[in-house]
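Worksheet: one structure, shown below.
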Amino acid sequence: MLAARLYAVGDLRVAAEPDPGAATPGWSLLAVTSVGICGSDLHWFTDGGIGESRIEHPVVPGHEFAAKAITGPYAGQRVAVDPAIACGACEMCRVGHHNLCPTVQFAGHGTLDGALQEFLLWPDHLLHPLPDALSDDAGALLEPLGVAIHAVDISHMQPGADVLVVGAGPIGLLALQVAIRRGASRVFMTEPLAHRRASASRCGAHAVWSPEQAADGVLDATEGRGVDVVIELAGNDAGIGTAVTAVRPGGRVALAGIPSEDASAFPAAAARRKGLTFAMVRRMKDTYPRAIALAGAGVDLDLLVTERHPLIEAAKAFGSAAGRHGDKVVVAVSSS
């Protein structure tokens, strides 16, 4: 089979590798169909890792994916795949916080090969059958939709709230749509790239500003009060600074962006005076059923896909995604 393996920064090679072999009980053999390239994948590709986690040996990237089950309880069906294999036995797993499992294995991260390969084995309980109405690409993008759902959950947004989403990448655009469907009064966005600001407007943002205009724009729109909630997806200190300026006193900031560095800074004096609450967003938490329902109820995941490449062009796909020329870049591994 063909697989794309990351050896070092910018060094992604597609080559023939051995098939994964037969599935053991509780696991299924999957034929991967579609893989979305995520911002965290790009950290591995451009930075050589995320925070303290670094490339220690060549790894197959890819954690946003759909597949066709070859064996197992869903044999012959298309499935979306939860990329996080939690231990199931630790305290966090026992109380339902599988996303906080300290020994979780995550596709394409560290030592666990991800989805940029034609076949792989995966636990049965992490497979979710896809409705006929959802494409393979949409199945892959249920994972970032799940992250957006979890980010809105963590924000504690209430119906009628004013919300600012910082960063109009794919997850930011999905958080925008989730917040609207949760009853937000207005959802504003800030984004440095003009084409992504246009995407935000298309997806229903009440107003969209460039970063240098965002703080003043929010304060003007809210008559100086500020928004109730900020969902930060930029992954940089400037984005956190915008969040602190734009949120009202007593407001809440959900930090979902992944910074390139292991430390972030924010305007502490202003945050203290406002009595802000910061909440960290860790991936997603049992969101696939809700993501499938939202995708069936009008969140158009296919609309986010602006570029598709075959597996043999995986390096080109990563280079294009790193350039942020569109919204979502997808690698089509095989046809379902």
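For Q77 and D262, calculate 0.36 nm times their separation in residues minus their Cα-Cα distance, and state this gained length in nm to one decimal. Don't skip to the end; give the middle numbers.
Working: separation 185, 0.36 × 185 = 66.60 nm, distance 4.04 nm.
Full extension of this stretch gives 62.6 nm more.
How long is the gain from R202 to E91 if the chain were fully straight, where each residue apart is worth 0.36 nm and the alpha carbon distance is subtracted? Write out the running numbers ahead of the final one.
Details: separation 111, 0.36 × 111 = 39.96 nm, distance 4.26 nm.
Result: 35.7 nm gained on full extension.
Comparing A293, A168, A238 in a Gaussian network model of the chain where C-alpha atoms under 10 Å apart are linked, the largest mean-square fluctuation is found at A293.
For segment 227-297, go through all pairs of different Cα atoms, get the mean of 1/r, take its inverse, and jot down that Kirkwood value in Å.
13.3 Å
For segment 74-122, the Stokes-Einstein estimate of translational diffusion at 25 °C and a viscosity of 0.890 mPa s comes to 201 µm²/s, using the Kirkwood hydrodynamic radius over alpha-carbon pairs.
Taking 0.36 nm per residue of sequence separation and subtracting the Cα-Cα distance, how much length would be gained by fully extending the chain between S185 and R308, in nm to one decimal? Don't skip to the end; give the middle numbers.
On the way: separation 123, 0.36 × 123 = 44.28 nm, distance 3.48 nm.
Contour length minus the Cα-Cα distance gives 40.8 nm.
Which value, in Å², gives the accessible area per residue of the chain when a 1.4 Å probe is used on the protein heavy atoms?
On the way: 13750 Å² over 336 residues.
For the chain, the solvent-accessible area averages 41 Å² per residue.
Rg/Rh, computed from the Cα trace of segment 30-84 with Rh as the Kirkwood radius, has the value 1.09.
On the protein heavy atoms, probe 1.4 angstrom, tell me the percent of accessible surface of the chain carried by carbon and sulfur. Write out the running numbers ahead of the final one.
Numbers: 7340 of 13750 Å².
That fraction is 53 percent.
Computed from point charges on the beta carbon alone (+1 for Lys and Arg, -1 for Asp and Glu), the dipole magnitude for segment 175-315 about its Cα centre is near 620 Debye.
Just add up the charged neighbours of Y7: K/R +1, D/E -1, any other residue whose Cβ is under 14 Å from the Cβ of Y7.
On the way: positive: R5, R13, R54; negative: D11, E17, E56, D113.
Summing Lys and Arg as +1 and Asp and Glu as -1 gives -1.
When both segment 48-113 and segment 234-283 are represented by their alpha-carbon centers, they are found 27 Å apart. Rounded to the nearest 20, the Cβ-based charge dipole of the chain about its Cα centre (Lys and Arg +1, Asp and Glu -1) stands at 780 debye. Springs between Cα atoms under 10 Å define the GNM used for the chain, and in it the highest mean-square fluctuation of L164, L294, L174 occurs at L294.
For P267, neighbours were defined as the other residues whose beta-carbon sits under 14 Å from its Cβ, and their charges (Lys and Arg +1, Asp and Glu -1) total +1.
Could you give the semi-axes, largest first, of the ellipsoid that matches segment 148-211, computed as the square roots of 5 times the alpha carbon gyration tensor eigenvalues and rounded to whole Å?
Working: eigenvalues 68, 25, 17 Å².
Working from the Cα gyration tensor, I get semi-axes of 18, 11, 9 Å.
Over segment 191-313, the alpha carbon radius of gyration divided by the compact-protein estimate 2.2 N^0.38 Å works out to 1.22. When its C-alpha radius of gyration is set against 2.2 N^0.38 Å (N residues), segment 47-185 gives a value of 1.17. Can you tell me which of P25, P123, P170 moves the most in a GNM of the chain? Springs connect C-alpha atoms under 10 Å apart. Highest fluctuation of the listed residues: P25.
With the charge dipole of segment 189-336 set up from +1 on Lys and Arg Cβ and -1 on Asp and Glu Cβ about the Cα centre, the Cα lying farthest toward the positive end among the listed residues H195, V218, M284 is that of M284.
With all pairs of separate Cα atoms included, the chain yields a Kirkwood hydrodynamic radius of 20.2 Å. When you work out D = kT/(6 pi eta Rh) for segment 1-125 at 10 °C and 1.306 mPa s, using the Kirkwood radius from C-alpha pairs as Rh and the Stokes-Einstein form, the result is 105 µm²/s.
The values are calculated or read from the model by the stated rules, or taken from the named source; none is laboratory data. Keep in mind that what you see is a predicted model, and the values were worked out from it rather than measured. All Cβ positions, glycine included, derive from the backbone under ideal geometry; neighbour counts span all protein chains shown. For the accessible areas, the whole protein counts, side chains as well, though only heavy atoms, and no ligand, DNA or RNA atoms are used. Shrake-Rupley method; radii C 1.70, N 1.55, O 1.52, S 1.80 Å.
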